[in-house]
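The values are calculated or read from the model by the stated rules, or taken from the named source; none is laboratory data. Source: prediction; values computed, not measured. Quick reminder, even Gly has a Cβ in these numbers, built from the backbone with ideal geometry, and neighbours come from all protein chains shown. Protein only, heavy atoms only, side chains kept; ligands, DNA and RNA dropped before computing areas. Shrake-Rupley method; radii C 1.70, N 1.55, O 1.52, S 1.80 Å.
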Amino acid sequence: MAASSRSLWAACAVVRPVNKISGLMSCFSSLSESTREVRLDLLDGEQEGIAVIAMNRPSRKNALGRVFGSQLSEAVDAIRFDRRIRVAVMRSEVQGVFCAGADLKERAEMNEVEVEQFVAAGRALSARLANLPQPLIAAIDGAAVGGGLEFAMCCDLLVAATTARIGLVETKLAIIPGGGGTQRLPRLVGMSKAKELIFTGRLVNGREAYDVGLVNSVVEQNESETAAFEQAIKLAEEILPQVIWFHTFIG
């Protein structure tokens, strides 16, 4: 599954050794740091053992395209096979957005076969996120809609800012959530509430998401719009001392 998923992304990043960059360590940067859409940072010092998946595609609101998918796939594999990484956080560096889901503009330019391959690759990537052996925390500081929420729900723990906008909006486009959302959302909020949210395509804020059990915790947003990320790092630090490869025993 993993190998076939990687082969479907048209533009794959090349892995390079981990190097120190501005107090962090960043890996597989085949592109310049200014042009990367997904970056993996390994924190050091007292936070050693924590990895951060940083999404940064501002032009398309972190929408999943070929390059973005390839680089996120590389990040997932880098985490899976690096025994130094004991807990990971997934966050956005684009203000106001976590992930906008699939890049429908890019997908509109694909033929039928390419669309099928693209959808299959996205589903396989979601499965690999969900099956990481290390605990994975989603830090939702902005909009997580459609496939963006599906990615977040692949994480073990979800932290949201009060200003976050969260929902599976596909029904408003006359389609259904295709990346596992129809299975994962009921597990978090119950079948009845999941049907309500999917049928209506309704967006909820961070506090509403917490109230229905969609996220583990909610925090007031700050001026820099990084409150969920900062809380996720605190949670990762709390997990770090006693973490084992939990997915061997849980789930």
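Does region 154-168 contain at least one residue that is modelled with pLDDT of 95 or more and more than 19 Å from VAL215 (Cα to Cα)? No: region 154-168 contains no residue that is modelled with pLDDT of 95 or more and more than 19 Å from VAL215 (Cα to Cα). Where helices (runs of 4 or more DSSP H) sit wholly within region 57-168, those with at least 1 residues that are among the aliphatic types (A, V, I, L, M) and open to solvent by 20 Å² or more (accessible area, probe 1.4 Å) occupy 66-80, 104-108, 112-130.
Residue by residue, here is whether (1) closer than 18 Å to GLY142 by Cβ; (2) buried (at least 18 other Cβ atoms within 10 Å of the Cβ) holds:
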position	(1), (2)
GLY179	no, yes
ARG187	no, no
SER192	no, no
GLU196	no, no
LEU203	yes, yes
ALA209	yes, yes
LEU214	yes, yes
ASN222	yes, no
ALA227	yes, yes
